[in-house]
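The values are calculated or read from the model by the stated rules, or taken from the named source; none is laboratory data. Just so it is clear, the structure is predicted and the values come from calculations on it, not from any experiment. Backbone-built Cβ (ideal geometry, glycine too); neighbour counts: all protein chains shown.
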Amino acid sequence: MTSSSRTAETADRAQGRGAARRRSFLRPTGYAWILPALVFSVGLLYYSVGYTGYISTLNWNGTAPDVTHVGLANYAKAFGDPVFWLTIQHTAISFVVTFTLSTLLGFVFAALLHSRPWFGGLYKVALFVPVVLAPAIMAPVFRQIFANDGQFNWLLEHIGLGALAQPWLAQSGTALAVILAITIWGGTGVSFILYSAAMGQIDPEQLEAAELDGAGNIRRLVSIIWPNVRGTTLALATLSAIGALKTFDIPYLVTVGGPNFATEFLGTLIYRTSIPLGQVGYGAALSILLLVIALVMAIVLNAGRNKRGARTDA
């Protein structure tokens, strides 16, 4: 091949690469497909967060044309508000109690279903129905059940425990426990479904081998099934943390955050401060604090999950 031929071939290759680059530039990229979601998240979510942060620096009732800039005074007010710290305490208690009991009950119910009981379909429906029932529908029912003359006290009296009967929702010592019980009742079905799906992925031969080695039901649950559903447990921890932070409907509909702030959560406090009391600036500051707490909790849970995953891979 002569030098002129090699030069012509090199020029053709360069021209071909240039044409390919032009076609690649003109071809639609993946950004076109994510553009609507990007515009939505940036234009609505982050704008709303930024605007809420701006409102949190105001002394404003939400309707007056004149506003007063107060800087970080609303945040200082929150840190000095005992009700705010009470809601943080209630949120922590809600997370620990609901996650522990919902996880335990969901795991036990899923293990029972895994043993193939009679009427398994009806068993699933009965456990999952509370998840799909709207709190607005069930709130009047729970108020009636736990009223001073409600069905729960009636049941206690008819089984010989009448001394325990009391106005469960009307006193600070028991109202929060009732709210947590309702939350657990409504959330156990999610744990049950997730654990059922996770147990269905366990190799049956592994369980059969353990049974041949003499392992009983409890031993197989603790040594084989529980380690294999660890990822589900971590996912439920994240869901429980999110649920505890966004708690609003059940305490507001059942007790309106009372009595004496006994069932007040961050969501109910933000609503009560912003709407009935008209302290929109202070409510916005509480919303920003809720966002910060959520981000910190997400980072902590994600770091724990990554550390556990790295340990498992090692």
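Just a few scattered comments:
- Residues that are over 30 Å from residue 226 (Cβ atoms) and basic (Lys, Arg) within region 104-150 comprise just one, 143.
- Flag for residue 97 being β-branched (Val, Ile, Thr), under 30 Å from residue 297 (Cβ atoms) and surrounded by 12 or more Cβ atoms within 10 Å (Cβ to Cβ): yes
- Of note, residue 182 satisfies the criterion of being surrounded by 11 or more Cβ atoms within 10 Å (Cβ to Cβ) and within 30 Å of residue 260 (Cα to Cα).
- Qualifying residues in region 263-273 (those that are part of a helix (DSSP H, G or I) and among the hydrophobic types (A, V, I, L, M, F, W, C)) - the one nearest to the chain's Cα centre (by Cα): 266
Here's the yes/no breakdown for (1) surrounded by 17 or more Cβ atoms within 10 Å (Cβ to Cβ); (2) within 30 Å of residue 234 (Cβ to Cβ); (3) touching a Cys at 6+ places or on another chain (Cβ under 7 Å); (4) touching a residue at least 60 places away in the same chain (Cβ under 8 Å):
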site	(1), (2), (3), (4)
120	no, yes, no, no
125	no, yes, no, no
129	no, yes, no, yes
145	yes, no, no, no
148	no, no, no, no
151	no, no, no, no
158	no, no, no, no
168	yes, no, no, no
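- Every listed requirement among (1) closer than 28 Å to residue 173 by Cβ; (2) under 19 Å from the mean Cα position of the chain (by Cα) is met by residue 235 save one, (1).
- Residues (under 16 Å from residue 253 (Cα atoms) and surrounded by fewer than 21 Cβ atoms within 10 Å (Cβ to Cβ)) located in region 264-292: 270, 271, 272, 275, 276
- Any hit, region 142-151, residues being within 24 Å of the chain's Cα centre (by Cα), of a type in the set (Phe, Trp, Tyr) and over 30 Å from residue 201 (Cβ atoms): yes
- Qualifying residues in region 213-229 (those that are free of Cβ contacts under 8 Å to residues at least 40 places away in the same chain and aliphatic (A, V, I, L, M)) - the one surrounded by the fewest Cβ atoms within 10 Å (Cβ to Cβ): 218
- Taken together, 188, 232, 238, 183 contain a single residue that is assigned to a helix (DSSP H, G or I), over 30 Å from residue 153 (Cα atoms) and modelled with pLDDT of 90 or more, which is 232.
- Residue 108 being more than 23 Å from residue 291 (Cβ to Cβ), exposed (fewer than 14 other Cβ atoms within 10 Å of the Cβ) and modelled with pLDDT under 95: no
Rundown of residues vs (1) at pLDDT 85 or above; (2) among the small types (Gly, Ala, Ser), yes/no style:
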| site | (1), (2) |
| --- | --- |
| 3 | no, yes |
| 20 | no, yes |
| 32 | no, yes |
| 71 | yes, yes |
| 82 | yes, no |
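- Pairs with Cβ under 8 Å, 6+ apart, first in region 185-207 and under 18 Å from residue 240 (Cβ atoms), second polar (S, T, N, Q) and modelled with pLDDT under 90: 198/228
- Matching entry among 259, 251, 276 (being within 17 Å of residue 83 (Cβ to Cβ), part of a loop (DSSP other than H, G, I, E, B) and in contact (Cβ under 8 Å) with a residue 60 or more places away in the chain): 259
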